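Written out below as structure tokens is the structure these notes cover.
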RNA sequence: UGACCCAUGGUGUAAAGGUAGCACAAGAGAUUUUGGUUCUCUCGGUCCAGGUUCGAAUCCUGGUGGGUCAACCA
């Protein structure tokens, strides 16, 4: 009522996502007191990707926004699929993204004993029973979404027998798959998950943390909600596919009689030109279609990191995409926008020529070399300047010269003037062609000594400005150019008879030799640079090669793409 | 032919019954020592049909469309 009297601006400023609406209502109704506690609960069976980043930012963001806490919890209930390698990488990635779980690092496997006791509670209440049917039989008698299931012949075992059997399951008396513990709910439920779901199964496999201690492991449904409850999570935020699990989540917690968290589901992130399924990403790695989980073409956090993405840019991305319940496909151009926006402010510029053609300044003294001052980052005056050597023979980009230019071509052409970035204005006098291939091999120019940057006449306007390197001083370096891994917007949605693998982009990785200005060799790992016009690059931190290796992060509007439009 | 969830510009996301806004993308212009950046502008939307109401993107009913669910995965 009194809300209606709020002034309009304040109303407009609300703009909460639906999860924040729920949280604020719970706060108003004092459902959990004034306490907010969330968690990020990955299964350590793969590397984290940009979709997890959305969840991480959401959960930790909510914790921060409402002055609450956020746990990191490994949902490690299936020893067959999990590994410490993944545990370690997940912790590294969450930290790198800038989030801190402080002393609240947990594992579902920490709760195995407690979970076992909860199962005992259910058995004693005759709400759970040991079932001897095989996986196939259980599947067959579960029915279908439109047809009810049939009750198991073991459903009415006595509580004493169930207790005995369950203890013997734990003791290791039975083979994998021979028995399971099931909840006794309703085989005719329209919700498949309520048709006597499996709670525990037998797996004689060493667990990465508990070793051989256990041979029965709780299923997701029996572990997740209870772990939330044990940690006194207030809002358990998960993705939409768990929506149908919520009645079971609530049922188990109610029947066991423990603290009640609230599960809230949101739509997972989908990115165009990207696959996000852990299973498929694992395939890419195992089948060597990429060089590893941290291949810069991968949508993994570590891949994005190697590609040059900053934590800030990813957090900002998570912010921009919002949170809702409807299925979505975010265009990767938004992600690319986020890193360009961030790097544009912070990345120092270097010049590099990827596809060189030689320029000879006919009126420049043979053995002269000047040290030109160049701005490190025109967007940030505090970034200072660097010295770049300039001499008679230079390289420019092949595509920056045209013998017979179309109308809107601003760059070098016979008789035309352009500025060399941070240096002189030059004029093309003539050029040499290879008589066989017809390719331009040498461009002869004259420079105007009065136009060096900073000189009184340097203000003269010319149509184009080009990046360049001094031929004598340039550093040859192996440069890797990365492009999108897939050629179609939705590789998951393959046409008949095809899979996502049929849409892999064969040109997603190109290795070329490029020419860098010599200061490029002094760069330190992890520093970010922006190469003018060509794109953003970062130094590959894992490079063991002596020459610096650069990764393309995001192409600016490619000059050649523009050239197409000029025609 | 079941249950549950969802439906706002090309893509996302806001608007608590009261002016449909923002971002990305796209297009145009200005600035520019790179055609980048920056700035300005433009384009373009409430799935359909009824109902309630002075007033509906919002509430109700019914359609339509999409998604999820039949692992001893999570």
- Item | Between the stretch A:264-315 and the stretch A:38-57, the Cα center-to-center distance that results, in Å | 12
- Shape of the stretch A:124-253 from its Cα gyration tensor (a ≥ b ≥ c, root eigenvalues): rounded if a/c is under 1.5, otherwise prolate when a/b > b/c, or oblate? oblate
- Using only Cα atoms, locate the centre of the stretch A:149-168 and the centre of the stretch A:125-146, then give the distance between them in Å, rounded to an integer. 11
- Query: For the stretch A:202-266, what relative contact order do you get, as a whole percent, if you take Cα pairs closer than 8 Å and at least 6 residues apart?
  - Reply: 35
- Message: For the stretch A:206-227 and the stretch A:332-371, what is the centre-to-centre distance using only Cα atoms, to the nearest Å?
- Response: 54
- The simple spin-label model distance between residue A:96 and residue A:334, using points 7 Å out along Cα→Cβ, in nm, is 2.3
- Task: Could I have the simple spin-label model distance between residue A:283 and residue A:496, label points 7 Å from Cα toward Cβ, reported in nm to one decimal?
- Result: 2.0
- Which value at 222 nm does chain A reach when only helices count, each DSSP H run of 4 or more adding -39,500 (n - 2.57), with the total divided by all residues and rounded to the nearest 500 deg cm²/dmol? -8000 deg cm²/dmol
- Message: Students often check this: by mean Cβ neighbours within 10 Å, which of A:483-489, A:271-277 ranks highest, and how do the rest follow?
- Response: A:271-277, A:483-489
- Restricting to Cα pairs under 8 Å and 6 or more apart, the percent relative contact order of chain A works out to 11
- Task: Take peptides A:76-87, A:356-367, A:304-315 and line them up by average Cβ neighbours within 10 Å, highest first, as a rough protection proxy.
- Result: A:304-315, A:76-87, A:356-367
- Query: According to a simple spin-label model (label point 7 Å from Cα along Cα-to-Cβ), what is the distance in nm between residue A:243 and residue A:21?
  - Reply: 1.5
- Task: With a/c under 1.5 counting as rounded, go ahead and sort chain A into rounded, prolate or oblate using the C-alpha gyration tensor (a ≥ b ≥ c being the square roots of the eigenvalues; past the cut-off, prolate if a/b is larger than b/c, else oblate).
- Result: prolate
- Message: Residues of the stretch A:205-236 with backbone nitrogen within less than 19 Å of a virtual label 7 Å along the Cα-to-Cβ line of residue A:113, please, listed as ranges.
- Response: A:207-218, A:223, A:226-232
- Task: Please give the FRET efficiency for residue A:205 paired with residue A:444, using the beta carbon to beta carbon distance and R0 = 51 Å, rounded to the nearest 0.05.
- Result: 0.10
- Note on the structure: Nearest-0.05 FRET efficiency for residue A:232 and residue A:150 at R0 = 45 Å, using Cβ-Cβ distance, is 0.70
- Message: Of all beta bridges DSSP finds with both residues in chain A, what is the antiparallel percent, to the nearest 5?
- Response: 65
- Mind ordering A:391-398, A:102-109, A:443-450 by average Cβ neighbours within 10 Å, highest first? A:391-398, A:443-450, A:102-109
- What is the calculated FRET efficiency for residue A:385 to residue A:358, with r their C-beta to C-beta distance and R₀ = 35 Å, to the nearest 0.05? 0.85
- Starting from the Cα-Cα distance between residue A:393 and residue A:366, subtract it from 0.36 nm times their residue separation and give me the gain in nm to one decimal. 8.8 nm
- Query: If you average the sequence gap of Cα pairs under 8 Å that are 6 or more apart and divide by the length of the stretch A:104-202, what percent do you get for the contact order?
  - Reply: 30
- Task: Please give the contour-minus-distance gain from residue A:478 to residue A:198: 0.36 nm per residue of separation, less the Cα-Cα distance, rounded to one decimal in nm.
- Result: 95.3 nm
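Rule-based calculations on the coordinates, nothing more; no lab input. Just so we're clear, the structure is a prediction, and the values are computed from it rather than from any experiment. Positions of Cβ are generated from backbone atoms using ideal geometry, with glycine treated the same way; all protein chains shown enter the neighbour counts.
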